[in-house]
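K.L.:
Dropping a structure here in structure tokens format, bear with me for questions.
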Amino acid sequence: MELNVSQLLMQPSGSSREYHLDEIANLTEDIRGARIRGSVRLLRTNKSVWVSATLNSDIDSECGRCLIPFSYPIHLEIEEEFVPTLNPMTGAKVSPPDDDDKDYCTIDENHILDLTGTVREYTIMALPMKPLCDHQCAGLCPTCGLDLNTNVCSCEAPLDARWGPLLELMSVTPDRN
């Protein structure tokens with residue numbers, strides 16, 4: 001997801017470019033071959049390039065309850081600022097802005113704006129910790145491991161030992177005469 005922005009960097013502030021992405025990317029070790037689709041708008045500012053992107057993808061995932069592989073759809077709205085490292089007119093190094101509390105994405109010395117790292121970060125933030133194939137997913141039986149979405153098991157629900165004293169109180173019914 002590399003975009004050459006050398007011509008845009010030579011344009012005045014307010015100039016823009018639009019791109020349509022449809023690429024396959026390896027974002028992390030777990031997210032390989034993700035097809036990223038959407039639009040990217042680049043806006044030249046007085047010191048940088050502002051990136052506004054709307055991207056969609058389907059990430060191969062595994063249900064956190066039933067362990068069945070499924071495709072998890074994600075939608076990304078990206079708003080980031082990319083600062084050049086070289087001036088395209090003179091070739092001189094450009095120092096980053098003196099804003100200590102902000103991390104900047106950079107445009108490399110060949111004037112290539114690489115969106116891969118930014119898309120990776122936004123994708124990781126968009127993915128749930130425990131993806132579910134369906135919000136109604138019943139999961140697996142904790143005793144026999146049967147998929148409760150497709151079968152009914154005959155196992156008794158295991159009692160949590162931490163509730164032992166309270167369960168004993170529930171089984172003893174006092175005489176209320």
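FYI, it's all coordinate maths here, none of it is from the lab. In this text, all values refer to a predicted model and were calculated from it rather than measured experimentally. Note: ideal-geometry Cβ built from the backbone for every residue, glycine included; neighbour counts use all protein chains shown.
K.L.:
What nm value, rounded to one decimal, do you get for the distance between Asn26 and Lys93 when each label is placed 7 Å out toward the C-beta?
P.N.:
About 3.2 nm, to one decimal.
K.L.:
Further question on the same structure: Take Asn4 and Ile68, extend 7 Å from each Cα along the Cα→Cβ direction, and tell me the distance between the two endpoints in nm.
P.N.:
Taking the two extended label points, one gets 4.8 nm.
K.L.:
Taking trypsin sites (Lys or Arg not before Pro) as exposed when DSSP calls them loop (any state but H, G, I, E, B) and at most 13 other Cβ atoms lie within 10 Å, what is the longest stretch of the chain free of them, the sites themselves excluded?
P.N.:
Working: sites that count: Arg32, Lys47, Lys102, Arg176.
Maximal segment without exposed cleavage sites: 103-175.
K.L.:
Helix 116-126 against the longest principal axis of the chain: what's the angle in degrees, Cα atoms only, rounded to the nearest 10?
P.N.:
30
K.L.:
Then there's this: Zone of Asp147 (label point 7 Å along Cα→Cβ, backbone N under 17 Å): which residues in the range 63-84?
P.N.:
Under cut-off, by backbone N: 63-72.
K.L.:
In addition: Would you indicate which of [x] 1.21; [y] 1.67; [z] 0.99 is the value of Cα Rg over 2.2 N^0.38 Å derived from the coordinates of this structure?
P.N.:
[y]
K.L.:
Tell me, in nm to one decimal, what length is gained between Leu127 and Asp108 on full extension, where the rule is 0.36 nm per residue of separation less the Cα-Cα distance? Intermediate results must be reported in sequence, preceding the final value.
P.N.:
Details: separation 19, 0.36 × 19 = 6.84 nm, distance 2.85 nm.
The Leu127-Asp108 span can extend by a further 4.0 nm.
K.L.:
On to the next question. In the range 9-115, which GluC sites (Glu not before Pro) fall in coil by DSSP and have 12 or fewer other Cβ atoms within 10 Å?
P.N.:
Those that pass, being in a loop and sparsely packed, are Glu29, Glu109.
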